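Below: the structure, in structure tokens.
Read-outs throughout are calculated quantities, based only on the coordinates presented, and are distinct from any laboratory measurement. Here the structure is a predicted model, which means the values were calculated and not measured. Counting neighbours? That spans all protein chains shown, and the Cβs are built from the backbone with ideal geometry, glycine included.
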Amino acid sequence: MSEIKIKSFFSILISKIIIKLSKTLFKGGTNFPGKVALKIDKNILGIVSKDYKVILVTGTNGKTTTTSMIYNMIKNSNKNVITNNTGANLKPGITSCFIDNFKFKELTSEKYAVIEVDEANLKFITEYIDPKIIIVTNLFRDQLDRYGEVYTTLNKILEGIVKVPHSTLLLNGDESLLGGLKVPNKLVYYGFECSPNKSTTVDINADAKFCKNCKNAYSYDFITYNHLGKYYCESCGYKRPELDYFVTSIENLLASSSTVKINDFEYIINQPGVYNIYNGLCAVATAKLLDIEETVIYDSLKNIESSFGRQESININGKEVKIILVKNPAGYNEALNTVSLDSRKLNLCMLLNDNYADGRDVSWIWDVNFELLSSLDIMNTIVGGNRLYDMGVRLKIAGVDYTKFSMCESYEEILTNIESCEGEIVYVLATYTAMIDFRKFLHSKKFIQKLW
């Protein structure tokens, strides 16, 4: 056994022991084992992933849900597949995922890996993995202190793409930043050929509103949400590329699901909102590229379950509590639009943190259309997180009835208020670390059985 092989062997073995201990003692721990493995052998990711057909999913919004949808389609087609389902999407977490599933005695069957990747980390992953498909879902302002503006995020992603010219790129064609990419890769586009809201006017707070070539303001045949839609530039002629996979009609848009036609074939997507139609469309396109049977695709979308804080429903003493991750204006607005589809008496719980993983700058909440809430019948508004007073002020300015606010400085207070709410449903809209911590708290109270 050579020195490299010995190093790799101990990297894998020690990491597997740490993974086992982390799962047993801490009910998680997805990054640390990978950090240890990489410390012992910096090239270990390339070794443990080399026999997989890899699909990488990156972009601002929708990564975790899209990854879950694709994973389930491949799994339901009876193929061997793994995924980083907890959302540990940095290099150490991805390394942990591959090591956890690594077998010293190699399997001879075809193996797939559907891996969510942080936008800024893509270049570190493609250094060691040559994926079959790279998916880019969209580009929105998110964690400005870390990513900068959307053009910076695009450049970070392209730094990863240029290392793997043979990978197929599956791109959101309605995302104007992803059209006309000067790369040698095969390009496949998905998007909408119909309008969910008949809008043609881009919102003042939308992100990429100006032509990437000449900086003239885009015109739209229609907008789906934020700056996504069928765009064109009247000045230089740049326009949306031809779509390979597309939503031809929206048959039904409910608070719990959507019925749509994709390339004229009807699907039921068991997740609400326009943004989940995008996720489902992307998953369908991926499945088609992998030659998965139509019946498997249909059944997988119809029966897809919520994943880890993304429209996740929890029963608390007979009351439905739905947790929705929100992390930027575009995603938050779509979450609010989804909430507004619910005809039941509503209770809201808004959790705002400013930890590193959330982004330290919370000024983005002023770009969210909280004014929409002033027209809804909201029975109670519970506000928490370490920036709860910033959120309280924003909601009051938006016209939400502040006499129904409950300002909670602990998860115990939040739970008490949730339990005392009238009505059937409480929507919990939480930033990333607030969602993680609140789920851990509910797990400690036995309301959530599976933490990761």
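Karplus-based coupling profile of the stretch 58-66, in residue order and whole Hz: 9, x, 6, 10, x, 4, 5, 5, 4, with θ = phi - 60° in 6.51 cos²θ - 1.76 cosθ + 1.60 and x standing for Gly or Pro.
With both residues required to sit in the chain, DSSP beta bridges show an antiparallel share near 35%. Multiplying each eigenvalue of the alpha-carbon gyration tensor of the stretch 1-81 by 5 and taking the square root yields semi-axes of 27, 17, 13 Å, largest first, rounded to whole angstroms.
Extending 7 Å from the Cα toward the beta-carbon at both Thr248 and Ser313 defines two label points whose distance is 3.1 nm.
The modelled label-to-label distance for the pair Lys5/Glu110, using points 7 Å beyond Cα in the direction of Cβ, is 3.0 nm.
Sorted from greatest to least, the principal axis extents spanned by the alpha carbons of the stretch 65-130 come out as 32, 29, 20 Å. For the chain, the alpha carbon convex hull comes to 141 Å³ per residue, rounded to a whole number.
Taking Cα centre as origin and charging only the Cβ of basic (Lys, Arg, +1) and acidic (Asp, Glu, -1) residues, the dipole magnitude of the stretch 310-444 rounds to 140 debye. Residue-wise HN-Hα couplings along the stretch 221-227, as the Karplus relation 6.51 cos²θ - 1.76 cosθ + 1.60 with θ = phi - 60° gives them from phi, are 6, 6, 10, 8, 6, 6, 9 Hz; Gly and Pro carry x. Computed from the alpha carbon atoms alone, the convex hull of the stretch 24-165 holds 125 Å³ per residue. Of the GluC sites (Glu not before Pro) found in the stretch 181-266, those in coil by DSSP whose Cβ has at most 13 other Cβ atoms within 10 Å are Glu234, Glu242.
Length gained on full extension, Asp291 to Lys445, computed as 0.36 nm times the residue gap minus the Cα-Cα distance: 51.1 nm. Dividing the Cα radius of gyration of the stretch 293-339 by its Kirkwood radius returns 1.10 for Rg/Rh.
Our note on the geometry: Cα centres of the stretch 234-293 and the stretch 135-200, 16 Å apart. The convex hull of the Cα atoms of the stretch 244-380, projected and averaged over all directions, covers 10.3 nm².
Express in % the proportion of alpha carbon pairs of the stretch 310-444 at distances exceeding 22 Å. Beyond 22 Å sits 27 percent of the P(r) for the stretch 310-444. Kirkwood's formula applied to the C-alpha pairs of the stretch 130-253 gives a hydrodynamic radius of 15.2 angstrom.
Of the beta bridges in the stretch 310-444, as assigned by DSSP with both residues counted there, near 20 percent are antiparallel. Backbone N atoms of the stretch 284-300 closer than 19 Å to the 7 Å Cα→Cβ label point of Asn185 belong to residues 284-291. Here the gap between Thr416 and Lys50, fully extended at 0.36 nm per residue and compared with their Cα-Cα distance, gives a gain of 126.8 nm.
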